[in-house]
1. If Gln226 satisfies every condition in (1) without any contact (Cβ under 8 Å) to a residue 24 or more places away in the chain; (2) in contact with a Phe, Trp or Tyr (Cβ under 9 Å, 6 or more places away or on another chain) but one, which is the exception?
2. Tell me whether region 310-323 contains one or more residues that are over 18 Å from Ile196 (Cα atoms), part of a strand (DSSP E or B), of a type outside the set (D, E, K, R) and within 28 Å of the chain's Cα centre (by Cα).
3. Residue under question is Ile15, and the condition is that it be modelled with pLDDT under 95, over 25 Å from Ser120 (Cα atoms), assigned to a helix (DSSP H, G or I) and not polar (S, T, N, Q); does it hold?
4. Right, Phe191: within 26 Å of the chain's Cα centre (by Cα) and farther than 24 Å from Lys286 by Cβ or not?
5. I'd like to check something: does region 409-424 contain any residue that is among the hydrophobic types (A, V, I, L, M, F, W, C), at pLDDT 75 or above and in a loop (DSSP other than H, G, I, E, B)?
6. Tell me, which helices (runs of 4 or more DSSP H) wholly within region 337-389 include 2 or more residues that are touching a Phe, Trp or Tyr at 6+ places or on another chain (Cβ under 9 Å)?
7. So which residues in region 50-72 are surrounded by fewer than 21 Cβ atoms within 10 Å (Cβ to Cβ) and farther than 13 Å from Lys94 by Cα, if there are any at all?
Amino acid sequence: MVRYSICIVDDEEIIRDGLELILSDEYDISCFVDAESFLAGLENIAPDLVLMDIGLPAMNGIDALNIMKKKRPDLPVIMITAFEDINMVIQSMKIGAFDFIIKPMNPDILEITIKKALSSITLRKEVKILQEKYLKDNQPCFIGKSKNIEDVMDFVNIVAKSPDTPIMILGETGTGKELIAKAIHFRSPVFQGPFIAINCSAFPNELIESELFGYEEGAFSGAKKQGKRGFIEEADNGTLFLDEVADLSLQGQAKLLRFLESGEFFKVGGTTKYKVNVRVVSATNKNLEELMDKELFRKDLFFRLCVVKAKIPSLNERRDDILPLTKYFLYEFNKKFEKNLKEISKDAQVLLLSHKFTGNVRELKNIIERASLIARSDVLTKEDLGLYQKPIDVQPIEPVPFEEQTCIIPDNGIHLGQLLQSIEKKYMAHALKLCQENESKAARMLSMNHHTFRYKWKKLNKII
């Protein structure tokens, strides 16, 4: 449950005490008697909402709002006024006030106004909590709350402490294998060193050796005059991440194995032996055992790289993380596209939770990027997602023969009409729930006409 903080700025003690009494059960409250102390306090606190009186002593609320908006432009402010001065209200709204309320305050109107103001920052608040929980000290980490991911991150924290142990990360495309590799690096003793990532499938066989080990001057036609440092040398005293390592040619595998066994290498075209201190983390989405059986991957290299293995679950295996990730991506694309998407509709959430992700987190990110770009309101809808929703295949249910059912009639009898109405309503309500409140689908599920279903449903809700 997200808990919000509110600053109350009012010179009347009775107003401050009254507001604090009404709001303190649901919100964290800070009170200030004047604008000057509030503006000074903004240096040390980060409220989610401000309730500020216009008629403050010394600096008035309008001037304070003007200064505050320059410091915290996204902070919503509700102005309080003792009388409805249209000019003052218009002036405060132009500066950036969210709304205003008039003394004496109606508690119901106050609550509605506060809820509306906080809804504008709900997404930003939730993502901030996610970032504080999962992205501590700007270290790479998985955002999520599933047990699967907690287990992975616990494992990462353990294996990262040994900087000499090679680690193999296994997982489907788009699960975030490079993110795990970075998490290992930043939690290891070599975290201050470089993190160098190389996609082994991105280089042709004839170039992989020079890319890994570098080359000397004049090593081959087209070589740079001064030669070139390879990725392994660049990763000295740090971490080398070999993504898609299964795509290395057999020749490239042999060169890599020789380096792993000694920590030494020669540049292409050179005779000088180089030695580096590099932690190797590799990753693949392929089945290395099958490749070894087909003699496409060396067994000796496999045992060198797979001293420790980490298996990253697919997004379909960690469905509890879909909505936290969605909110995080939505917040990021809000900033990128300068949008003001505040929330995800219930229908869109249901659709995302029921979708089978073949591209994992990368697919989810792409879906939210596209949806954020085309969304026309401040709420992300299921239409924005562009996902196909498989229709419910409703098969008529064969009625159970009467003689197979058990009839129980108490001694004092029953009201058959009311019983039948109660049964009807129960089944119609359950059908609506299964069909996500879609009356047409629920009617088909009960072998009824749509209009008949709607008429009977309204009638039963009035009677029972």
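The values are calculated or read from the model by the stated rules, or taken from the named source; none is laboratory data. Source: prediction; values computed, not measured. Heads up, the Cβs are rebuilt from the backbone with ideal geometry, glycines too, and the neighbour counts pull from every protein chain shown.
1. Going through the list (1) without any contact (Cβ under 8 Å) to a residue 24 or more places away in the chain; (2) in contact with a Phe, Trp or Tyr (Cβ under 9 Å, 6 or more places away or on another chain), Gln226 breaks only (2).
2. Here is the first cut: in region 310-323, the residues over 18 Å from Ile196 (Cα atoms) are 310-323.
Remaining after also requiring part of a strand (DSSP E or B): 310-311.
Remaining after also requiring of a type outside the set (D, E, K, R): 310.
Now drop any that are not within 28 Å of the chain's Cα centre (by Cα), which leaves 310.
Scanning region 310-323, I find at least one residue that is over 18 Å from Ile196 (Cα atoms), part of a strand (DSSP E or B), of a type outside the set (D, E, K, R) and within 28 Å of the chain's Cα centre (by Cα), so the answer is yes.
3. Details: modelled with pLDDT under 95: yes; over 25 Å from Ser120 (Cα atoms): yes; assigned to a helix (DSSP H, G or I): yes; not polar (S, T, N, Q): yes.
Yes.
4. Numbers: within 26 Å of the chain's Cα centre (by Cα): yes; farther than 24 Å from Lys286 by Cβ: yes.
Taking the combined requirement at face value, the residue satisfies it.
5. Going residue by residue through region 409-424, those that are among the hydrophobic types (A, V, I, L, M, F, W, C) are 409, 414, 416, 419-420, 423.
Narrowing the set further to residues that are at pLDDT 75 or above leaves 414, 416, 419-420, 423.
If we keep only those that are in a loop (DSSP other than H, G, I, E, B) too, we end up with 414.
Yes, region 409-424 has at least one match.
6. Working: elements: 346-354, 360-374, 382-385.
It comes to 360-374.
7. Selection gives Gly55, Pro57, Ala58, Met59, Asn60, Ile67, Lys70, Lys71, Arg72.
Residues checked against (1) part of a loop (DSSP other than H, G, I, E, B); (2) β-branched (Val, Ile, Thr); (3) touching a Ser or Thr at 6+ places or on another chain (Cβ under 6 Å); (4) surrounded by 12 or more Cβ atoms within 10 Å (Cβ to Cβ):
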{"site": "Glu209", "(1), (2), (3), (4)": "no, no, no, yes"}
{"site": "Glu217", "(1), (2), (3), (4)": "yes, no, no, yes"}
{"site": "Ala223", "(1), (2), (3), (4)": "yes, no, no, yes"}
{"site": "Phe241", "(1), (2), (3), (4)": "no, no, no, yes"}
{"site": "Lys255", "(1), (2), (3), (4)": "no, no, no, yes"}
{"site": "Arg258", "(1), (2), (3), (4)": "no, no, no, yes"}
{"site": "Thr271", "(1), (2), (3), (4)": "yes, yes, no, no"}
{"site": "Glu290", "(1), (2), (3), (4)": "no, no, no, no"}
